[in-house]
1. List every residue whose amide H lies under 5 Å from the amide H of residue 85, counting only residues 5 or more places away in sequence or on a different chain, with H placed 1.01 Å from N in the peptide plane.
2. Going Cα to Cα from residue 93, which aspartates and glutamates come in below 17 Å? Please leave out same-chain ones fewer than 8 positions away.
3. Expressed in nm to one decimal, what extension gain is obtained for the pair residue 34 and residue 115 from 0.36 nm per residue of sequence separation less their Cα-Cα distance?
4. If each residue of separation counts as 0.36 nm, what is the full-extension length gain between residue 88 and residue 76 once their alpha-carbon separation is subtracted?
5. Could you run the Karplus curve 6.51 cos²θ - 1.76 cosθ + 1.60 with θ = phi - 60° over the stretch 124-132 and give me ³J(HN,Hα) per residue in whole Hz, x for Gly and Pro?
6. So for the stretch 36-132, taking the charge dipole from beta-carbon charges (+1 Lys/Arg, -1 Asp/Glu), which of 100, 64, 82 sits furthest toward the positive end?
7. Residues with amide H under 5 Å of residue 57's amide H, sequence separation 5 or more or different chain, H placed in the peptide plane at 1.01 Å from N; which?
8. Output wanted: per-residue J couplings in Hz (rounded whole) for the stretch 77-88, from phi through Karplus 6.51 cos²θ - 1.76 cosθ + 1.60, θ = phi - 60°, x for Gly and Pro.
Amino acid sequence: KGIARWTANFTPPTGAYGSTVVNATGSFESTDVVPQDATNKSSVGLVILYKDQAGTTTFNGANQLVAKVRANTGQAYQEVVLAGAGTYSDGLKIAIAPAIAVTAGQALSYQISFAGQSVSLETRVHGVAMTY
């Protein structure tokens, strides 16, 4: 009497699964950091802890990990040159970017961006420190 019967053997048509390959892109920015000595800083660098979750990270390219810095919120971010600097622990790797000249200020910040992330390339950033 009006009882519907369901089966667990349902398989959607193959087209429902799709075959699109998605490459993730994105970025994040730090909050402004004011130097403890309250003086203008005119150079900023970075140290990044990251992990190759899948594939191998490369730096400074259109499809990889890119870092930018500034010391004055009124200025655009400037790209730094990242280079590998060994392994920290537990698979965490270190990338460094020597300090570059920037417009002087007391509002230091960084921007990290990435592109081309996929099943075969996944970079996870675990920590960022600014040097000045």
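Throughout, read-outs are computed from the coordinates displayed, never taken from laboratory work. All values derive from a computational prediction rather than experimental measurement. All Cβ positions, even for glycine, are placed from backbone atoms using ideal geometry, and neighbour counts span all protein chains on display.
1. 94, 95, 96
2. Leaving aside aspartates and glutamates fewer than 8 places away in the same chain, those within reach of residue 93 are 52, 122.
3. 26.2 nm is the gain from fully extending residue 34 to residue 115.
4. 1.2 nm
5. Per-residue couplings from phi come out as 10, 8, 9, x, 9, 10, 8, 10, 7 Hz.
6. The residue sitting farthest along the positive end of the dipole is 100.
7. Amide H to amide H, under 5 Å and 5 or more residues apart or across chains, residue 57 pairs with nothing.
8. Karplus values, whole Hz, x for Gly and Pro: 5, 10, 6, 9, 9, 7, 9, x, 9, x, 10, 7.
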